[in-house]
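The values are calculated or read from the model by the stated rules, or taken from the named source; none is laboratory data. Given the structure is predicted, the values throughout are model-derived calculations rather than measurements. Heads up, the Cβs are rebuilt from the backbone with ideal geometry, glycines too, and the neighbour counts pull from every protein chain shown. Heavy atoms of the whole protein, side chains included, go into the accessibility calculation; ligands, DNA and RNA do not. Shrake-Rupley method; radii C 1.70, N 1.55, O 1.52, S 1.80 Å.
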Amino acid sequence: MYKFRDVAVEELEKINRIYPGMTLSTGTYTFSDSTQKDLLKLTGTIPVQYEGRSYNFPIQLWLLDSFPFTPPICHLKPTSNMVIREGKHVDAHGRIHLPGLHNWDHPKSSVVGLLNEMVTKFQEDPPLSSKTTTDKKDPHELLAFVSNFRISDGGISHHDQPINKVSVIGGGDLGMASVMSILSKCKVDKLVFIDVAESSTKGGSTDLEIFSLPKVEVSRDISASAGSRVVVVTANAWSSEQSYVTVVQTNVDLYRGIIPNLARLSPSAVMLIASQPVDIMTHVAWRQSGLPPTHVIGAGCNLDSERLSHVMDINLNTHKPAWVIGELSDNKIAVMSNSGLNSSASPEIAQGSSSTKPLLDRAFEIMKNRGQRSWSVGLSIADITNSVLTDKRKVHSVSTLAQGWGGIAVEVFLSLPCIMGVNGSTRLAGVSLGQEEDSKLRNSVTSLSNLMAQLRI
């Protein structure tokens, strides 16, 4: 069952020596696309010191069949008197996201090292707390309540709703198009436009300063993005190098200087990537940010998907949503929804069939010559942003972590239909694709994985 049995056994023996309380057993793990697999799991507690007291945090680590060359899937397992505190390293479902998991590289990476990192990170920001009674409120809740008070001429008022603040990082045509589209489409309280000095896509910020648009703040300081609900990154740093890998590496190096700071300043934000190549740069941003994968997405195939749905509805009278999925390249493929445009049913991807394929092929042919101009991509970015700010729960085809979807075993980002809302993205369940479509998807997974392996994140 396990591909690297001897190495896995050696790693498990080391875990037992350092953390003897971690118990090894077997169980059935259910992935996000509802597929299941029998796996080994480690269950136990880790000691966490916080404010002079010691706590034992219950955790569970699922070991994939390629362990230890792939990282474990880590979860908190709170008891009945505990509640999960969603934060930078833990999502609302208890899934643990740490830099050590994102940058896993065996043998440099190990479970023992990962557990040590958990202890360190959880001491800084505990992800579990005790359930409180009405007569014993959590002091952190009180501080949060007080921080929402605002003093105005009319006295003191309390605001439960967060400020709708959006930041756009990177100038040039796409940055400007995103700013103008978001202002038109979205109800924002504040929009910050940051022209990154190192980006090759500069410009536009001076004009915005000259004409002084309402609700727009122009800055060259990343710290101005603090407290954003959505952070859009359009910055690119194209070099004159001949090698494609070297050109992309220039962008990766640019990201290294801005993404961790953006995540630190807005730890609850949804980060929306539009830099190129979008699938790779979204993957890089997720790795560098330390944010949950649900909170780092790329614009991906959303524009193509909106165009496809429009063609299917207006030109071909199908009246069902359709999405373009996969890599933003010639390997992208189309899928259709099971339900109609105005249906109240939960959205699902329809199984590929001989009746839907000709329609999708015809729609692709109609929209073939439409380019991806800056203003078009800006409108697409604004539509995604609006779904997050308003918790619209609309399905967008965005670049997201695809591992576990449709049998994809490796860590890779590509466009998949995701429900977008205030808590980020939720993938629709995977389906069986036709042979041609599945081949294209597998080719994309291979090419993207090969490119990622050549980059210094």
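From largest accessible area down, sort TYR244, TYR55, TYR255, TYR19; use a 1.4 Å probe on the protein chains. Show your work: numbers first, answer last.
Values: TYR244 125, TYR55 80, TYR255 0, TYR19 35 Å².
If we order TYR244, TYR55, TYR255, TYR19 from most to least accessible, we get TYR244, TYR55, TYR19, TYR255.
Extension gain SER34-PHE211, at 0.36 nm per residue separation less the Cα-Cα distance, in nm? Please list the in-between numbers first.
On the way: separation 177, 0.36 × 177 = 63.72 nm, distance 5.17 nm.
That pair, SER34 and PHE211, stretches by 58.6 nm at full extension.
Suppose the chain between ALA429 and ARG373 were pulled fully straight at 0.36 nm per residue; how much longer would it get relative to their current alpha carbon spacing? Don't jump to the answer; show the numbers that get you there.
On the way: separation 56, 0.36 × 56 = 20.16 nm, distance 3.09 nm.
Between ALA429 and ARG373, full extension yields 17.1 nm more.
Once you have the Cα-Cα distance between ASP438 and ALA92, take 0.36 nm times their residue separation minus that, and quote the gain in nm to one decimal. Intermediate results must be reported in sequence, preceding the final value.
On the way: separation 346, 0.36 × 346 = 124.56 nm, distance 3.21 nm.
121.3 nm is the gain from fully extending ASP438 to ALA92.
Sorted by average packing, counted as other Cβ atoms within 10 angstrom per residue and highest first, what order do 181-193, 106-118 take? Spell out each step's value before the answer.
Working: 181-193: 19.1, 106-118: 16.6.
With the highest mean Cβ count within 10 Å placed first, the list reads 181-193, 106-118.
Enter the accessible area of PHE4 (Å², nearest 10), with the probe set to 1.4 Å and all protein chains included.
80 Å²
Just to verify a number: FRET efficiency for SER80 and LEU24, C-beta to C-beta distance, R0 = 25 Å, to 0.05? Let's see the in-between values first.
Values: r = 25 Å, r/R0 = 0.98.
Efficiency computed from Cβ-Cβ geometry: 0.50.
Please give the per residue accessible area of the chain, computed with a probe of 1.4 Å over protein heavy atoms only, in Å². Before the final figure, lay out each step's value.
Details: 21750 Å² over 457 residues.
Value returned for the chain: 48 Å² of accessible area per residue.
Please give the FRET efficiency for VAL112 paired with ARG256, using the beta carbon to beta carbon distance and R0 = 25 Å, rounded to the nearest 0.05.
0.40
My understanding is that a pair violates if its Cα-Cα distance is over 24 Å; which of LYS41/LYS108; LYS332/LYS392; LYS88/LYS215; LYS190/LYS332; LYS320/LYS368; LYS3/LYS88 do that in this structure?
Numbers: LYS41/LYS108 21 Å; LYS332/LYS392 26 Å; LYS88/LYS215 28 Å; LYS190/LYS332 35 Å; LYS320/LYS368 20 Å; LYS3/LYS88 32 Å.
Pairs exceeding the cut-off: LYS332/LYS392; LYS88/LYS215; LYS190/LYS332; LYS3/LYS88.
For VAL192, enumerate residues with amide H under 5 Å from its amide H, sequence gap 5+ or separate chain, H modeled in the peptide plane.
Long-range HN contacts for VAL192: VAL166, SER167, VAL168, GLU217.
Quick one: net charge around VAL192, please, counting Lys, Arg +1 and Asp, Glu -1 for every other residue with C-beta under 12 Å from its C-beta. Please report the intermediate quantities before stating the final value.
On the way: positive: LYS165, LYS190, LYS215, ARG220, ARG229; negative: ASP189, ASP195, GLU217, ASP221.
Around VAL192, the surrounding residues sum to +1.
Using a 1.4 angstrom probe on the protein heavy atoms only, line up THR246, THR206 by accessible area, largest first.
Of THR246, THR206, the descending order of accessible area is THR206, THR246.
Grab the beta carbon distance between SER449 and ASP6, set R0 = 22 Å, and tell me the FRET efficiency rounded to 0.05. Write down the numbers at each step before the final one.
Details: r = 25 Å, r/R0 = 1.13.
About 0.30, to the nearest 0.05.
In the chain, carbon and sulfur make up what percent of the accessible area (probe 1.4 Å)? Could you put the intermediate results ahead of the total?
Numbers: 11070 of 21750 Å².
Exposed carbon and sulfur together represent 51 percent of the surface.
Can you give the accessible area of ASP125 in Å² (nearest 10), computed on protein heavy atoms with a 1.4 Å probe?
Ignoring ligands and nucleic acids, ASP125 comes out at about 70 Å².
Could you work out how far the C-alpha centroid of region 43-62 sits from that of region 372-428, in angstrom?
34 Å
Among DSSP beta bridges lying fully in the chain, give the percent that are antiparallel, nearest 5. Walk me through the numbers before you get to the answer.
Working: 51 of 71 bridges.
If we restrict to bridges inside the chain, about 70 percent are antiparallel.
Counting only residues 5 or more places away or on other chains, whose amide H sits under 5 Å from the amide H of LYS394 once H atoms are built in the peptide plane?
Distant-sequence amide H within range of LYS394: MET420.
Give me a comma-separated list of calculated 3J(HN,Hα) values for region 48-59, in order, Karplus coefficients 6.51, -1.76, 1.60 applied at θ = phi - 60°, integers in Hz, x for any Gly or Pro.
Here the 3J(HN,Hα) series is 10, 8, 8, 6, x, 10, 10, 10, 9, 9, x, 9 Hz.
Please list, in chain and number order, the residues 5+ apart from LEU128 or on another chain whose amide H is under 5 Å from its amide H, with Hs placed from the backbone.
ARG85
From the backbone phi of region 322-328, what are the Karplus-calculated ³J(HN,Hα) couplings (6.51 cos²θ - 1.76 cosθ + 1.60, θ = phi - 60°) in whole Hz, Gly and Pro given as x?
9, 9, 9, 10, x, 7, 6
Convert each backbone phi in region 422-434 into a coupling constant with the Karplus relation 6.51 cos²θ - 1.76 cosθ + 1.60 (shift: θ = phi - 60°), then list the ³J(HN,Hα) values in order as whole Hz, x for Gly and Pro.
Those phi angles translate into 4, 9, x, 10, 10, 5, 6, 5, x, 9, 6, 9, x Hz.
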